[in-house]
Amino acid sequence: MSLSGVGTKRDYGIALKHFNIASKSGHVLAFYNLGMMHAGGIGVMRNCQTAAELLKNVAERGTWGNNLMDAHALYHKGFVDSALIKYLLLAEQGYEVAQTNAAFILDREATDFVKTLKYRFKRAFVNWKRAATQGFGGARLKLGDYYYYGQGTQVDPVEAAEQYQLASDVDHNPQAMFNLGYMHELGIGRAQDMHLAKRYYDLAASTSLDAHVPAMLANSKLQAKNTRCVAHTNLQGLHLH
């Protein structure tokens, strides 16, 4: 009513507020109206990317989305291969959740069907990449792993570091932070820098409780390296008389 001015004074700000509240409860029409407002710059600064994300949410809630639930049920009943086929079909239609789940199954499961798939990890890599493009943060971490180990693609430590950096900066992923620390420590894909290595280890520890012990051990190793370097430098500075 506030959007169209029916029965009350037209007020885009109030309309935006109520649509945002309704969208948090999963109201499809609220997502649609928010998408159209962002697309047209109505009551808000025009933002095509936000509009696309909101309207994508609407599109994925159609009746065809029931296939996603079917695939989910099949997987949890142990019919992994049937679930994978459904996820792969939905992934081709652009469903980010399906892309993520298909990549996960190809990456982790070891059924006879999955093991016989040609280019299994290459398929997983493609779907991780698509999911990352759609904003799924965990996919960035997996892309980094694939580039680092050369799984489904060529080994590329520089690109691996770039993916970990994105996962760290955008998604605040503690594993990505830890991996960046490790790469800076050894000079893999990034310049060797003990100070930056420690910074990323500390950042991982401050982001997640699970990272406390690994970060502590990594920092202890860094400290031992620094101690050895200082001792070696001091020995080189000694002169025998």
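The values are calculated or read from the model by the stated rules, or taken from the named source; none is laboratory data. Predicted, not measured: the structure shown is a model, and the values here were computed from it. Virtual Cβ from ideal backbone geometry, glycine too; neighbours counted across all protein chains shown.
Data overview
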{"read-out": "Selection count where residues are within 25 Å of ALA102 (Cα to Cα) and in contact (Cβ under 8 Å) with a residue 24 or more places away in the chain, scope the stretch 34-53", "value": "1"}
{"read-out": "Residues within the stretch 16-34 that are buried (at least 18 other Cβ atoms within 10 Å of the Cβ), under 16 Å from LYS56 (Cβ atoms) and not aromatic (Phe, Trp, Tyr), tallied", "value": "4"}
{"read-out": "Per-region count, the stretch 183-200, residues surrounded by 21 or more Cβ atoms within 10 Å (Cβ to Cβ) and in a helix (DSSP H, G or I)", "value": "5"}
{"read-out": "Residue that is nearest to the chain's Cα centre (by Cα), among those in the stretch 58-69 that are surrounded by 14 or more Cβ atoms within 10 Å (Cβ to Cβ) and at pLDDT 75 or above", "value": "LEU68"}
{"read-out": "Hey, ALA205 outside any helix (DSSP H, G or I), farther than 21 Å from LEU143 by Cβ and hydrophobic (A, V, I, L, M, F, W, C) or not", "value": "no"}
{"read-out": "Test: residue in the stretch 121-130 that is on the phi < 0 side of the Ramachandran plot, hydrophobic (A, V, I, L, M, F, W, C) and not in a helix (DSSP H, G or I)", "value": "no"}
{"read-out": "The lone exception for TYR182 - which of (1) more than 27 Å from TRP128 (Cα to Cα); (2) out of contact with any helix residue (DSSP H, G or I) (no Cβ under 6 Å at 6 or more places or on another chain) it fails", "value": "(1)"}
